[in-house]
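*Asks:* Handing you this structure, nothing more for now.
The values are calculated or read from the model by the stated rules, or taken from the named source; none is laboratory data. This one's a predicted model, so the numbers in the text were calculated from it and none came from an experiment. Note that we place each Cβ from the backbone using ideal geometry, even for glycine, and neighbour counts take in every protein chain shown. Surface accessibility is based on the protein's heavy atoms, side chains included, excluding ligands, DNA and RNA. Shrake-Rupley method; radii C 1.70, N 1.55, O 1.52, S 1.80 Å.
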Amino acid sequence: MANQPDTAQPVEAIRVGTCGWTDPTLIKAGTFYPAGTSTAEERLRFYASQFPIVEVDATYYALPRQEQAGLWVERTPPDFVFNVKAYSLLTQHPTMAKTIPADLRDSILPEHQDKQRLYPNHLAPEAVEEIWRRFAEALLPLDSAGKLGAVLLQFPEWFVPSRANREYLPLAKEKLAGYRTCVEFRNRAWLATDHDRERTLGLLRDLDLPLVCVDMPQGFRSSVPPIAEATSPALSVVRFHGRDPEAWQKKTVTERFRYLYREDELAEWVPKIDHLSESAREVHVLMNNCYRDQAVTNARQLADLLSSADASVSPDG
C-alpha cells in the first residue's frame, strides 16, 4: 500500500529530497504514490507533501518552459523549492539536435547540420547566447515565487581543470546572474590531490560558487572523492549517486543509479552534512538513486538520521 501524506514540516536549514518525482520505475513500483494518484499535478502535490525540495532533471534534456515552471509554483507549498539541472548544451554535454529550439536550428554550423548530437561550438555563438537567455527566462516564475533553490551546473567527465574550463565557471555564473548556481564535477582531477583540492576549492570560494559534494562509486576517472566542503556561505549541496562500481559503468541512467543505501552508509554523511550546515546557511541533500522507490526510501531514512542527531533538518514527517 502506498504511503499516505504527512503534514508538511517547517523549512529549516537542511532540505532532503530526491532528483525527480516522475521516474517511471518509481510510479510503477506503487509504493510511494497513493492509489489513484495518476496525473502529473497529483504526483507533484503529493511529493511536495512529503519532502521540502526536489531536483528537476528534465531541464537537462530539453529547455524548460515558463508555463511549466508556473505550474510547478502553483502545485507546491509556499516553502517548497526546486533545484534545476542546467540544459546539457550549457554544461558542454552532447545535446540532442532535436531539442534545439526550431527557430535556432539554422544557427547550427553547416558542417554539423546532419549530426544528431551537438556541442556548443557546433552552433553560432549568438545562438548559444540565446539559449542561455531562454533557459534563464524560463525559470523566472520559480525565482519570483522564491522557489528556485539553485541551478545545478553538472559538468561532464571530460571537463578537466584546464585554464579554459576554470575560466568557464565565472562565465556560466554570469549567464545566470541573479540565480544561485552550484557546480558538480565528474572528473577526479579537480579534487584528486591536496594541491588539486586546495586550488579548486579556492577558485569556487573566490567565485562564491557552491561545490556539489557527492557520494558516488570510486576508482574511475569520473569519481570525485566524498568530501564535505562549503565554498559559499549561502548554500551547500550534496548529491547521492549510489556506490555500485559495476552499475556505474552501465550506459542507461536507470542502471547506473540503481542502488539502495544501507542505513550505516547514510549515517556516514550525518556529521558531514552537519559540518556543511555550520558553514552554509542552507544545505540541499538530494538522492539521485532514482530506481523504483530507492531514492525516496533513502531520503526519508537520511532525514530521520539527521533529525535524530539534532541536526537542523526539514524531514518529511
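*Asks:* Can you tell which of ALA138, ALA164 is at negative phi, exposed (fewer than 15 other Cβ atoms within 10 Å of the Cβ) and of a type in the set (A, V, I, L, M)? Let's see the steps before the verdict.
*Replies:* On the way: ALA138 fails: exposed (fewer than 15 other Cβ atoms within 10 Å of the Cβ).
Of ALA138, ALA164, the one residue that is at negative phi, exposed (fewer than 15 other Cβ atoms within 10 Å of the Cβ) and of a type in the set (A, V, I, L, M) is ALA164.
*Asks:* Hey, any hits in the stretch 291-310 for a residue that's within 20 Å of ILE14 (Cα to Cα), open to solvent by less than 50 Å² (accessible area, probe 1.4 Å) and not in a helix (DSSP H, G or I)?
*Replies:* no
*Asks:* Has the stretch 194-201 got at least one residue that is surrounded by 21 or more Cβ atoms within 10 Å (Cβ to Cβ), of a type in the set (D, E, K, R) and closer than 20 Å to TRP269 by Cα?
*Replies:* For the stretch 194-201, residues surrounded by 21 or more Cβ atoms within 10 Å (Cβ to Cβ), of a type in the set (D, E, K, R) and closer than 20 Å to TRP269 by Cα: absent.
*Asks:* A further question follows. Find all pairs meeting these conditions: Cβ atoms under 9 angstrom apart; at least six residues apart or on different chains; first residue within the stretch 88-116 and touching a residue at least 12 places away in the same chain (Cβ under 8 Å) and of a type in the set (D, E, K, R); second residue crowded, with 18+ Cβ neighbours inside 10 Å and in a helix (DSSP H, G or I).
*Replies:* LYS115/HIS122
*Asks:* Might you let me know whether the stretch 271-285 holds any residue that is among the aliphatic types (A, V, I, L, M), in contact (Cβ under 8 Å) with a residue 24 or more places away in the chain and either in contact with a His (Cβ under 7 Å, 6 or more places away or on another chain) or surrounded by fewer than 18 Cβ atoms within 10 Å (Cβ to Cβ) (or both)? Steps first, answer last, please.
*Replies:* Of all residues in the stretch 271-285, those among the aliphatic types (A, V, I, L, M) come to 273, 276, 280, 283, 285.
Those still in the list that are in contact (Cβ under 8 Å) with a residue 24 or more places away in the chain too: 273, 276, 280, 283, 285.
So of that shortlist, the ones also either in contact with a His (Cβ under 7 Å, 6 or more places away or on another chain) or surrounded by fewer than 18 Cβ atoms within 10 Å (Cβ to Cβ) (or both) come out as none.
No; the residues of the stretch 271-285 include none that is among the aliphatic types (A, V, I, L, M), in contact (Cβ under 8 Å) with a residue 24 or more places away in the chain and either in contact with a His (Cβ under 7 Å, 6 or more places away or on another chain) or surrounded by fewer than 18 Cβ atoms within 10 Å (Cβ to Cβ) (or both).
*Asks:* Is the stretch 261-271 home to any residue that is closer than 26 Å to TYR87 by Cβ and within 20 Å of the chain's Cα centre (by Cα)? If you could, list the steps in order and put the result at the bottom.
*Replies:* Taking the stretch 261-271 as the starting set, the residues that turn out to be closer than 26 Å to TYR87 by Cβ are none.
No, the stretch 261-271 contains no residue that is closer than 26 Å to TYR87 by Cβ and within 20 Å of the chain's Cα centre (by Cα).
*Asks:* Restricting the search to the stretch 208-242, which residues are farther than 19 Å from VAL16 by Cα and open to solvent by 20 Å² or more (accessible area, probe 1.4 Å)?
*Replies:* Answer for the stretch 208-242, where residues must be farther than 19 Å from VAL16 by Cα and open to solvent by 20 Å² or more (accessible area, probe 1.4 Å): ASP208, GLN218, GLY219, PHE220, ARG221, PRO225.
*Asks:* Could I ask something else about it? I'm checking my understanding of the structure. Among residues of the stretch 47-67 that are part of a loop (DSSP other than H, G, I, E, B) and not small (Gly, Ala, Ser), which one is surrounded by the fewest Cβ atoms within 10 Å (Cβ to Cβ)? Even if it seems obvious, please write down each step before you answer.
*Replies:* Initial filter on the stretch 47-67 (part of a loop (DSSP other than H, G, I, E, B)): 51-52, 57, 62-65.
Filter once more, so that each one left must be not small (Gly, Ala, Ser): 51-52, 57, 63-65.
Working: PHE51: 25, PRO52: 26, ASP57: 19, LEU63: 17, PRO64: 22, ARG65: 14.
Taking the candidates together, the pick is ARG65.
*Asks:* LEU44 passes all but one of (1) open to solvent by less than 20 Å² (accessible area, probe 1.4 Å); (2) closer than 30 Å to PHE159 by Cβ; (3) aliphatic (A, V, I, L, M); which number fails?
*Replies:* Answer for LEU44: the failing condition is (2).
*Asks:* Answer with yes or no whether ARG292 is over 17 Å from the mean Cα position of the chain (by Cα) and on the phi > 0 side of the Ramachandran plot. I'd like the intermediate steps shown before the answer.
*Replies:* Values: over 17 Å from the mean Cα position of the chain (by Cα): yes; on the phi > 0 side of the Ramachandran plot: yes.
Judged against the criteria, ARG292 is a match.
*Asks:* Picking from ARG15, ARG43, which residue would you name as being assigned to a helix (DSSP H, G or I) and either within 16 Å of ARG300 (Cβ to Cβ) or out of contact with any strand residue (DSSP E or B) (no Cβ under 9 Å at 6 or more places or on another chain) (or both)?
*Replies:* Details: ARG15 fails: assigned to a helix (DSSP H, G or I).
Selected residue: ARG43, the only one of ARG15, ARG43 that is assigned to a helix (DSSP H, G or I) and either within 16 Å of ARG300 (Cβ to Cβ) or out of contact with any strand residue (DSSP E or B) (no Cβ under 9 Å at 6 or more places or on another chain) (or both).
*Asks:* Touching a residue at least 24 places away in the same chain (Cβ under 8 Å), touching a Pro at 6+ places or on another chain (Cβ under 6 Å) and not charged (D, E, K, R): does that describe GLY149? Give the steps one after another, and end with the answer.
*Replies:* Working: touching a residue at least 24 places away in the same chain (Cβ under 8 Å): yes; touching a Pro at 6+ places or on another chain (Cβ under 6 Å): no; not charged (D, E, K, R): yes.
It is false that GLY149 is touching a residue at least 24 places away in the same chain (Cβ under 8 Å), touching a Pro at 6+ places or on another chain (Cβ under 6 Å) and not charged (D, E, K, R).
*Asks:* Further question on the same structure: Restricting to the stretch 144-164, name every residue that is in contact with a helix residue (DSSP H, G or I) (Cβ under 9 Å, 6 or more places away or on another chain) and closer than 15 Å to ALA86 by Cβ.
*Replies:* Answer for the stretch 144-164, where residues must be in contact with a helix residue (DSSP H, G or I) (Cβ under 9 Å, 6 or more places away or on another chain) and closer than 15 Å to ALA86 by Cβ: LEU148, GLY149, VAL151, LEU152, LEU153, GLN154, PHE155, PRO156, PHE159.
*Asks:* Among (1) β-branched (Val, Ile, Thr); (2) open to solvent by less than 10 Å² (accessible area, probe 1.4 Å); (3) farther than 19 Å from CYS213 by Cα, where does THR252 come up short?
*Replies:* All conditions pass for THR252, except number (2).
*Asks:* Counting only residues that are touching a residue at least 60 places away in the same chain (Cβ under 8 Å) and out of contact with any helix residue (DSSP H, G or I) (no Cβ under 8 Å at 6 or more places or on another chain), how many does the stretch 26-43 have?
*Replies:* If we filter the stretch 26-43 for residues that are touching a residue at least 60 places away in the same chain (Cβ under 8 Å), which is where we start, we get 26, 28-29, 31-32.
Remaining after also requiring out of contact with any helix residue (DSSP H, G or I) (no Cβ under 8 Å at 6 or more places or on another chain): 28-29, 31.
Number satisfying all stated conditions: 3.
*Asks:* Quick test for you: out of TYR33, TYR87, TYR119, pick the one residue that is farther than 30 Å from LEU276 by Cβ, surrounded by 19 or more Cβ atoms within 10 Å (Cβ to Cβ) and hydroxyl-bearing (Ser, Thr, Tyr).
*Replies:* Working: TYR87 fails: farther than 30 Å from LEU276 by Cβ; TYR119 fails: surrounded by 19 or more Cβ atoms within 10 Å (Cβ to Cβ).
Only one candidate qualifies: TYR33.
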